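Engineer: Can you keep this structure in mind? I'll have questions shortly.
What follows draws every value from the coordinates through simple rules; no lab data is involved. Worth saying up front: this structure is predicted, and the values here are computed from it rather than measured. Because the Cβ atoms are built from the backbone with ideal geometry, glycine has one as well, and the counts that use them run over all protein chains shown.
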Amino acid sequence: MKKVKVIKIDVDKCNGCRSCEVICSAFHAAPKYSSTNPERSRIRVLFDPLKDTYVPVIAGEYTEAECNGRDIYTINGKEYDECAFCRASCPSRQLFKDPDSDLPLKCDMCEEEPPLPEPLCVQWCLSDALTYEEREEEGEEEDKPGEMEIGLEALVKKYGLKTVKDTLDRVSKS
Amino acid sequence: MRYAETGVNLEIDLSRGSIEKEGTDPRLTELHLGGLGTNAKILWDRVPPEVEPFSPDNLLIFSAGLLAGTPAPGTNRTIVSTFSPQTLLMAYSMMGGFWSPELKSAGYDKVIIRGKSPSLVYLWINNDKVEIRDASHLQGKGCLETEELIRQELKEPKAQVATIGLAGENRVYMASIEHGRSSASRLGVGAIMGDKMLKAIAVRGTKDINIARPAELFELCNEVLEYIKYRAENPIEGVPPILAGIGAPQEMAIHDEKWHTTNFAWGNARHRIKDFWNEEVEKEWTETAERMQERLVSCYNCPMKCGGTIKYPEHTRYMMKCYSKLTYTMAAMSDLDFGFRIVERAQQYGVDAFSTPQTMAFALELYEAGILTDQDMPGFPSDNEERFFWLLDKIARREGIGDVLANGTYWAARQIGKGAEEYAHNTIKKHEQLPLKLGMLNPIYYLMYCTGEKINITQIEGQFPQAPFPTREEREEFVKDWVQVPDEKFKQYFVDWEPRGEHSNPYYPTIEASCEIVDWQEKMHYIDDATGVCAGLSSFPLKPPYHMHNLPSLISFATGLDIDEAGLWKIAKRNRTLVRAINVRRGMRRIDEKPPEDHWRKRFPELEAKLLDEYYKFQGWNNQGIPTKETLDELGLDYVSEDLEQRGVYKEKKAKVAKRESPKSKKAKVAKRDSKSEKSQGNKE
């Protein structure tokens, strides 16, 4: 059995305060909590008050290619932004990329030792737009790639393994 | 490295079109924190008292609070400071929202604007890149519309925009600066922005804001959030629902408006309708609110939901906050439906929701009294609500009578004459006040109304209940968990305060206690205004999450400064005294320090004089309300006392105190402008 962690998102309860962005970026700063910067957050609230659309989106997988076309949802007569519900860090938009390095960002559910009772975005969401659930599911527990692995994989995809290796060699010599 | 702040101000000269980045002196942060504190320091240093509000030499400062953008919940205030065209004194206005955290992320603490642009422009701050851009295509556009248009043309949906509407462009004295649902509304800051021909400032930032002592700050933030949850479940008993929670008054969330509608005056601050609120009204107003309101909304990193998204059928969606829900309704003696309808247009024009409805109700009174006639107001509709829309249009456009009314009730009354002065009865220092008319003088409020330089009671009150609870038991219950008091004696003051008898208004709280209570309440605001902590979580509501015992840690953890309670108290006193000195240098004296004449029915001239005497002494001011040399020197403001001394301020005799009764600069030195703006020079002297 494997443990599945779920953040439930209730867009009707979101008030657009972006506390989730603030605390996510603080948690992932090094040292921990030493800076805030929503642009580094792995959760973003895509909202447009004048259309009354509020969508907290949590950073998912990096993808090197755009989709073949884009999607726009209309729900209950409200049109949401292009690709609003997509979690990918992808070339089509400047979302979930570190503003300095451009490397992709991905939610890690605030994993640390000892584990937090809930990811911090959920803890700091006093409106309960974000709530947390854990459940068991059939299947094997996977090894999750670490921060650096995700970053390196993205670099390899972008530049090819050889270039990355050569660069690493050069950097380590200098 | 600088913590919490960036250490960089943007200096913009619109006359020359220059943009400079100036590093700031960290010593000033130690002395004044940031926000209002450092704004006041800049205004003292750089704007001599001769500079008129509509002069290119006047500065318009947009400042983030010291803690804006840190994880501390609710630290998002933008503090706008300049000199007011209406009061001719330091103008003091603030807004929440998302603007100042974005400014910090772009790498700046303040945007300091001087000069005047030859044509309408807007400022685009995108991290290190800052541009002055043409805004001629935005002329006359509404505020919400402008924000949207700017984001679209910059292709930057995440840009945060602060803008003026038509009222600001036309230098209407009650023009606001709008930003989403937030606004810096009071004292004509929008008119100054319009005078500088600056339509908007758009900001986008993607940099880190650094924290000095991260783990400790994180822990304190969690405590604050826990307390916010606790207070949500434990409203204060014995006060009306609208005052029982925290945040700004919860006008959007709470539909019970008994307190405002029966305690505040309707029309031109005239009629109190004590039996207004009944079941029928409650049902109708609740239905209206529920039909129009779509969602409660928050400011940056704040769990409170003080704003609301409003969708009036067949109108554009907009956002509302706080008491603007009722000010138009009550001024027009109308209903909530009308309130929701007119605020949308008022917000597009960008006007203050306190002064504007009152000025319109004032005009209506003058019309009904025959002082203004159909000749003065051609086309004035007969329908009551339509009249308010008509007046709003005229004021924002400075058309016809609107050109006079646009200066607010004080100046308009003097221009109109024919006894109109009697009708401008609700101002302090020439600025419209809350429409409150009460019976018995309250010594605490007397002092706050007289001496508050933010000229808005809501920006200096809050920590002490507005009235005594009926029984001693209730008062004892209230003080049990009152951890926010800076000293235990305040609990006793409240427990002993009776609704009637020996220990009641106006002689109790005693003069000494009243001075202390006023000082505490006001200081908490001065701290918030420097840190950018929202008053709604701090100085404004009873029993807030932030208070004198945790704010020193909050500031220390975020900035790395080592501040204790005594140190913070002293900084607040320094900032408060500096604001006073700025206004004293511009001519403000004891004679200006009085509440609206009809604020209380029962007055006590002897007691009032004594209250003021003792309060001045308590603050270390002389009998004219001027900070003494000793007080200033003790606060490290030697340069202020020297200046006041050189100007002969300390040698004045009472009789010599001449009052300037008109803003001088408007006719002189106004750059040639389009005809629409020309009209705004209407204040006849």
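Engineer: Could you tell me which trypsin sites (Lys or Arg not before Pro) in region B:486-530 are loop residues by DSSP with no more than 12 other beta carbons within 10 angstrom of their beta carbon?
Structural biologist: Those satisfying the criteria are B:ARG500.
Engineer: Let me ask you something else. Using label points projected 7 Å from each Cα along Cα→Cβ, tell me how many nm separate A:ASP169 and B:GLU282, to one decimal.
Structural biologist: The answer from the label model is 8.1 nm.
Engineer: Under the definition of Cα pairs under 8 Å and six or more residues apart, what whole-number percent is the relative contact order of chain B?
Structural biologist: The normalised contact order for chain B reaches 16 percent.
Engineer: Within 10 Å, count the other beta carbons around each residue, average over each peptide in B:449-457, B:77-85, and list them highest first.
Structural biologist: Going from most to least packed, we get B:77-85, B:449-457.
Engineer: Kindly provide the chymotrypsin sites (Phe, Trp or Tyr not before Pro) of region A:74-144 that DSSP labels as loop, not H, G, I, E or B, and whose Cβ sees at most 16 other Cβ atoms within 10 Å.
Structural biologist: A:PHE85
Engineer: Given the pairs A:LYS51/A:LYS78; A:LYS5/A:LYS106; B:LYS454/B:LYS610; B:LYS437/B:LYS491; B:LYS480/B:LYS543; B:LYS437/B:LYS573, which span a C-alpha to C-alpha distance of over 19 angstrom in this model? Could you put the intermediate results ahead of the total?
Structural biologist: On the way: A:LYS51/A:LYS78 7 Å; A:LYS5/A:LYS106 15 Å; B:LYS454/B:LYS610 23 Å; B:LYS437/B:LYS491 28 Å; B:LYS480/B:LYS543 11 Å; B:LYS437/B:LYS573 31 Å.
Violating the 19 Å limit, Cα to Cα: B:LYS454/B:LYS610; B:LYS437/B:LYS491; B:LYS437/B:LYS573.
Engineer: Ranking B:THR359, B:THR6 by Cβ neighbours within 10 Å, fewest first, what do you get?
Structural biologist: On the way: B:THR359 31, B:THR6 23.
In order of increasing Cβ crowding within 10 Å: B:THR6, B:THR359.
Engineer: Taking the Cα centre as origin and putting +1 on Lys and Arg beta-carbons and -1 on Asp and Glu beta-carbons, what dipole magnitude results for region B:116-207, to the nearest 20 debye?
Structural biologist: Working: 14 positive and 11 negative charges, 46 e Å.
Dipole magnitude for region B:116-207 comes out near 220 debye.
Engineer: Among all helices in chain B defined by DSSP H, which have a length of 24 Å or more along the axis from Cα atoms plus a Kyte-Doolittle mean of at least -1.0?
Structural biologist: Qualifying helices, which must be both long enough and hydrophobic enough, are B:214-233, B:511-531, B:565-585.
Engineer: Okay, which of region A:60-94 sit inside 11 Å, backbone N to the point 7 Å along the Cα-Cβ direction of A:LYS158?
Structural biologist: Label zone hits: A:91.
Engineer: Is it possible to state the helix-based mean residue ellipticity at 222 nm for chain A, with each DSSP H run of 4+ residues giving -39500 (n - 2.57), the sum divided by total residues, to the nearest 500 deg cm²/dmol? What is it?
Structural biologist: Values: 4 runs with 39 residues, N = 174.
My calculation for chain A gives -6500 deg cm²/dmol from helical runs alone.
Engineer: Sticking with this one: At what distance in angstrom do the alpha carbon centres of region A:16-35 and region B:428-446 lie from each other?
Structural biologist: 44
Engineer: How shielded is A:11-22 by partner chains, expressed as the average number of their Cβ atoms within 10 Å of its Cβ atoms?
Structural biologist: That works out to 6 on average.
Engineer: What area, in nm² and to one decimal, does the C-alpha convex hull of the protein assembly as shown cast on average over all directions?
Structural biologist: The orientation-averaged projected area of the Cα hull of the protein assembly as shown comes to 38.8 nm².
Engineer: Restricting to DSSP H runs of at least four residues, report the calculated mean residue ellipticity at 222 nm for chain B, -39500 (n - 2.57) per run over all residues, nearest 500 deg cm²/dmol. Numbers along the way, then the final one.
Structural biologist: Working: 26 runs with 267 residues, N = 685.
It comes out at -11500 deg cm²/dmol, rounded to the nearest 500.
Engineer: If you average the sequence gap of Cα pairs under 8 Å that are 6 or more apart and divide by the length of chain A, what percent do you get for the contact order? Kindly include the intermediate steps, with their values, before the conclusion.
Structural biologist: Working: 269 pairs, mean separation 50.0, N = 174.
Worked out over chain A, it gives 29 percent.
Engineer: Under Stokes-Einstein, with the Kirkwood radius over Cα pairs standing in for Rh, what whole-number D in µm²/s applies to region B:438-656 at 37 °C and 0.692 mPa s?
Structural biologist: 179
Engineer: To continue, here is another question. Sort out for me the Cα centre separation of region B:109-131 from region B:43-58, rounded to whole Å.
Structural biologist: Result: 19 Å between the Cα centres.
Engineer: May I ask you to list the aspartates and glutamates whose Cα is less than 15 Å away from that of B:LYS651, ignoring any residue fewer than eight positions away on the same chain?
Structural biologist: B:GLU642, B:ASP643
Engineer: Picking from A:THR63, A:PRO119, A:ALA84, whose Cα lies most toward the positive end of the charge dipole for region A:49-150 (charges on Cβ: Lys, Arg +1; Asp, Glu -1)?
Structural biologist: About the Cα centre, the residue reaching furthest to the positive side is A:ALA84.
Engineer: Give the distance, in whole Å, between the Cα centre of region A:92-106 and the Cα centre of region A:59-83.
Structural biologist: Rounded to whole Å, the Cα centres lie 17 Å apart.
Engineer: Peptides B:16-25, A:8-17: what's the order by average Cβ count within 10 Å, highest mean first?
Structural biologist: Top of the packing list down: A:8-17, B:16-25.
Engineer: Hey, got the average number of other protein chain Cβ atoms within 10 angstrom for residues in B:204-215? Don't skip to the end; give the middle numbers.
Structural biologist: Numbers: counts 1, 4, 8, 6, 11, 7, 5, 7, 1, 2, 8, 4.
What the average comes to for B:204-215 is 5.
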